[in-house]
1. Could we say that Ala102 is more than 12 Å from the chain's Cα centre (by Cα) and open to solvent by less than 20 Å² (accessible area, probe 1.4 Å) here?
2. Which count do you get for residues in the range 68-102 that are in contact (Cβ under 8 Å) with a residue 24 or more places away in the chain and assigned to a loop (DSSP other than H, G, I, E, B)?
3. Return a yes/no flag: does the range 41-55 have any residue that is of a type in the set (A, V, I, L, M, F, W, C), open to solvent by 40 Å² or more (accessible area, probe 1.4 Å), part of a strand (DSSP E or B) and under 17 Å from Gly99 (Cβ atoms).
4. Restricting attention to the range 5-20, does a residue exist that is modelled with pLDDT of 90 or more, β-branched (Val, Ile, Thr) and part of a loop (DSSP other than H, G, I, E, B)?
5. Quick one: Asp92 ticks every box in (1) surrounded by 17 or more Cβ atoms within 10 Å (Cβ to Cβ); (2) of a type in the set (Asp, Glu); (3) under 16 Å from Val12 (Cα atoms) bar one, so which box is it?
6. Looking only at residues in the range 70-85 that are of a type outside the set (Lys, Arg) and over 12 Å from the mean Cα position of the chain (by Cα), which one is least open to solvent (accessible area, probe 1.4 Å)?
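The values are calculated or read from the model by the stated rules, or taken from the named source; none is laboratory data. From a predicted model like this one, the values you see are computed outputs, not experimental measurements. Note that we place each Cβ from the backbone using ideal geometry, even for glycine, and neighbour counts take in every protein chain shown. Please note that ligands, DNA and RNA were not included when accessible areas were found on the heavy atoms of the full protein model with its side chains. Shrake-Rupley method; radii C 1.70, N 1.55, O 1.52, S 1.80 Å.
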Amino acid sequence: FFSAVAAGRAQVQQQPSAETTEGTGISINCSHLNIQIAEFIHWYRQFPGRGPTFIISTHKDSRQVGDPPGWLWVAADRRSSALWLFQPHSGDTAVYYCGLVA
């Protein structure tokens with residue numbers, strides 16, 4: 001069983017939670033409507049009882065993600081992004097955060 005909970009500061013909005021079954025891909029969406037030109041989109045995940053760990057960052061380009069295996073999609077206007085996990089497993093159960101970093 002896999003679940004992802006999304007959270008962020010006021011400038012970033014994510015759905016409260018997302019769930020999928022093991023091996024079934026999932027998209028975790030993030031809206032950042034007021035993104036500034038110099039800001040980068042960062043994604044993190046936090047396992048229960050541990051601190052957040054960095055997954056990936058990008059300025060505007062969609063990119064492949066190595067761990068967990070997936071894809072970071074970024075809209076052409078940079079106002080939204082989505083982290084797609086290809087085949088999540090129980091070990092990927094975590095809180096997933098997106099954020100903007102100048």
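1. On the way: more than 12 Å from the chain's Cα centre (by Cα): yes; open to solvent by less than 20 Å² (accessible area, probe 1.4 Å): no.
Criteria not met by Ala102.
2. 9
3. In the first step, residues of the range 41-55 are kept if they are of a type in the set (A, V, I, L, M, F, W, C); the result is 41, 43, 47, 54-55.
After this cut, where a residue has to be open to solvent by 40 Å² or more (accessible area, probe 1.4 Å) as well, the list is 47, 54.
With the extra rule that they be part of a strand (DSSP E or B), the set shrinks to 54.
Filter once more, keeping what is under 17 Å from Gly99 (Cβ atoms): 54.
There is at least one residue in the range 41-55 that is of a type in the set (A, V, I, L, M, F, W, C), open to solvent by 40 Å² or more (accessible area, probe 1.4 Å), part of a strand (DSSP E or B) and under 17 Å from Gly99 (Cβ atoms).
4. In the first step, residues of the range 5-20 are kept if they are modelled with pLDDT of 90 or more; the result is none.
No, the range 5-20 contains no residue that is modelled with pLDDT of 90 or more, β-branched (Val, Ile, Thr) and part of a loop (DSSP other than H, G, I, E, B).
5. The failed condition is (3).
6. Step one: filter the range 70-85 for residues of a type outside the set (Lys, Arg), giving 70-77, 80-85.
Filter again for over 12 Å from the mean Cα position of the chain (by Cα), leaving 75-77.
Values: Ala75: 12, Ala76: 112, Asp77: 92 Å².
Applying the filter and picking the extreme gives Ala75.
Here is a yes/no grid of residues against (1) open to solvent by less than 30 Å² (accessible area, probe 1.4 Å); (2) aliphatic (A, V, I, L, M):
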{"site": "Ser27", "(1), (2)": "no, no"}
{"site": "Leu33", "(1), (2)": "no, yes"}
{"site": "Thr58", "(1), (2)": "yes, no"}
{"site": "Asp61", "(1), (2)": "no, no"}
{"site": "Val65", "(1), (2)": "yes, yes"}
